[in-house]
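As structure tokens, the structure follows; a few thoughts come after it.
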Amino acid sequence: MEYHLQTPLKREDIEKLNAGDIVYISGEILTARDEAHARILEMEEKGEKLPFSLEGAVIYHCGPLMQQTESDWEVVSAGPTTSGRMSKMTPPILKTHEIRAIIGKGGMKGVADALKNRCVYLAYTGGCAALAAELIKEVKTVHWLDLGMPEAVWVLRVKEFGPLIVGIDSKGKDIFTEVREKAEKVLEKLDKQN
Amino acid sequence: MSSKISRENFIRSVADLLRKAEIELPDDVVDALRKAEAREENEVAKSQLRAILKNIEIAKNHGVPMCQDTGIMIFFAELGTEFQPGFDLEAAIRNAVTLATMEIPLRPNAVDPLTRKNSGDNTGAGIPDIHWKFVPGKQLKVTVAPKGAGSENMSALRMFNPTEAGSIKNFVLETVINAGGMPCPPLTLGLGIGGSFDKAARLAKEALLEPLDTPMNEFEKGILDAVNSLGIGCMGLGGSTTALAVHVKTAHCHTASLPVAVNIQCWANRHASIVFGEEK
């Protein structure tokens, strides 16, 4: 199935998605990678308020390449980064925030349970930064630029952002884990032949 | 081109070389990706390969880097013993990296390993990484290979017992399974076998520069077929195209050791070369 979704995403929007479906998202997404995740957790621990809202949010694992114009920022390229690095930091953030979708590449080990009934993981083709930049229509604002350009939180307006593949759905089905388990079985078989 | 190239022209040419490497893939790589898309039967994998091909077109047509991870700059320089630049080549290459970072622009990726402080211009201690080889002649050949972290992080090195050569294939398969979709398959796999701990890694990286249409020997083909039988597929979402090629480079090693390095390269197998100086 193919879906075209508009942010902010509601629980119903993501409950209908099944692993393997193709999704295009329009609206607002926030980039966050290693350092931003670490800072979110750090601030929450101290009871501090985040400068942006994560309710109904779409998080994009991306460290974009931006260019500053006289008054604004322009996206040069902005493909997904490896989500695996955020696997440990994501479940505690999902506990306190109604994040509806996480976009990244490569999948996230051990996160399917934390996503259940609340969030989906969407795989975007790794390295497709020029394609992504075309679909990002506006840089709305940036937070935490002190973390450096790739690690800052960029608020972006996107149009028909995709194709995104539902990698982990909200019912716990995880394509990446299935593919890995199959590959391990093939390896076992090859070992026996040798 | 005379070997009396000016420092300014050299820096300009190397900065342009970086631009080419970031924006345009070598023909053999694009060819291999096109063939993979035509061959692939898994619909999800096909959609991913189509997105990759579309991305390659957009990057080339708009003159923008194909991936936001513009990498760290790895240089391979072959310096002719009679090539006389008359200036500090390494410093000039560093200047070219700084210039390209600003001009193209490139993402500043170089950080101190412990404080994680970003230098802002893709240079720093030991970076750009420049490998020098001395060759006969009056020319200097400079190859740049921008290397992204997604694939580099999934690479592996193991010191085998000398009698364990039969386990090399298995080690590659384990490495590829462990990497899954993280290094952005379809991959190119560079294997360095022998030498020493560091030499094996160097050989593996050099093997990634081999054109993808270079005929593979039986050993390389055997590994490629086994890797593709795993079904990891484009971006780890399943399918028959996990790797496009496997290339092996070997060196003699100590009788008591067998170092094996697997350097993983994502689909964006970026590299470009330029030659300075007269032919004879």
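Checking the cross-link filter: which aspartates and glutamates have an alpha carbon closer than 14 Å to that of A:Lys16, excluding same-chain neighbours under 8 positions apart? Within reach: A:Glu2, A:Asp169.
Projecting the Cα positions of B:Thr255, A:Ala114, A:Ala183 onto the charge dipole of the protein assembly as shown (unit charges on Cβ atoms of Lys, Arg, Asp and Glu, taken about the Cα centre) puts B:Thr255 furthest along the positive direction. No disulfide-compatible partner, judged by a Cβ distance under 4.7 Å, exists for the following cysteines of chain B: B:Cys67, B:Cys234, B:Cys253.
Across every direction, the projection of the convex hull enclosing the Cα atoms of the protein assembly as shown has a mean area of 23.6 nm².
The alpha carbon convex hull volume per residue for region A:23-90 rounds to 131 Å³.
Share of Cα-Cα pairs in chain A beyond 25 Å, in percent? Could you put the intermediate results ahead of the total?
Details: 6338 of 18721 pairs.
Within chain A, distances greater than 25 Å cover 34 percent of Cα pairs.
The modelled label-to-label distance for the pair A:Glu55/A:Asp113, using points 7 Å beyond Cα in the direction of Cβ, is 2.8 nm.
Given R0 = 35 Å, the distance between the Cβ atoms of A:Met43 and A:Lys182 translates into a calculated FRET efficiency of 0.30.
Once you charge only the Cβ atoms, +1 for Lys and Arg and -1 for Asp and Glu, what is the size of the charge dipole of region A:2-192 about its Cα centre, to the nearest 20 debye? Mind showing how you got there, number by number?
Details: 26 positive and 30 negative charges, 124 e Å.
The dipole of region A:2-192 has a size of about 600 debye.
Among the protein heavy atoms, those of A:Glu55 account for about 100 Å² of accessible surface (1.4 Å probe, every chain in place).
How large is the convex hull of the Cα atoms of region B:1-132 per residue, expressed in Å³ as a whole number?
Numbers: hull volume 19.2 nm³, N = 132.
Normalising the Cα hull of region B:1-132 by residue number yields 145 Å³.
Quick one: angle between helix A:34-45 and the longest Cα principal axis of chain A, in degrees between 0 and 90, rounded to 10, please. Once rounded, one gets 80 degrees.
Write down the percent of antiparallel bridges among all DSSP beta bridges whose residues are both part of the protein assembly as shown, to the nearest 5.
On the way: 48 of 78 bridges.
If we restrict to bridges inside the protein assembly as shown, about 60 percent are antiparallel.
Rounded to 0.05, the FRET efficiency of the A:Lys16 and A:Gln68 pair, given R0 = 45 Å and the Cβ-Cβ distance, is 0.65. Rounded, prolate or oblate: which fits region B:155-213, taking a ≥ b ≥ c as square roots of the Cα gyration tensor eigenvalues, rounded meaning a/c under 1.5, else prolate when a/b beats b/c? Verdict is oblate for region B:155-213. Considering the options A:Leu50, B:Thr242, B:Gly80, tell which one lies farthest towards the positive end of the dipole of the protein assembly as shown, charges being +1 on Lys and Arg and -1 on Asp and Glu at the Cβ, about the Cα centre. After comparing all options, I get B:Thr242. For A:Arg118, the solvent-accessible surface computed with a 1.4 Å probe is close to 50 Å², ligands and nucleic acids excluded.
What's log10 of I(q)/I(0) for region B:86-243 at q = 0.13, 0.15, 0.19 Å⁻¹, Debye sum over Cα points only, no solvent? Calculated log10 I(q)/I(0) at the listed q: -0.80, -1.01, -1.30. Note on A:Lys140: aspartates and glutamates with a C-alpha under 20 Å away, same-chain residues under 8 apart excluded, are A:Glu28, A:Glu55, A:Glu70, A:Asp72, A:Glu74, A:Glu151, A:Glu160. One chain, two ends: B:Arg50 and B:Trp132. Fully extended at 0.36 nm per residue, the span grows by 25.7 nm beyond their Cα-Cα distance. Accessible area of B:Thr163 (1.4 Å probe, protein heavy atoms only, ligands and nucleic acids ignored): about 130 Å². Taken over region B:29-75, the ratio of Cα radius of gyration to 2.2 N^0.38 Å equals 1.32. Just so you know, the Rg over Rh for chain B is 0.98, from Cα atoms, with Rh as the Kirkwood radius.
The values are calculated or read from the model by the stated rules, or taken from the named source; none is laboratory data. Just so we're clear, the structure is a prediction, and the values are computed from it rather than from any experiment. Here Cβ is always computed from backbone atoms with ideal geometry, including for glycine, and neighbour counts include all displayed protein chains. Ligands, DNA and RNA are stripped out before the accessible areas are found, and what is left, the full protein with its side chains, is counted by its heavy atoms. Shrake-Rupley method; radii C 1.70, N 1.55, O 1.52, S 1.80 Å.
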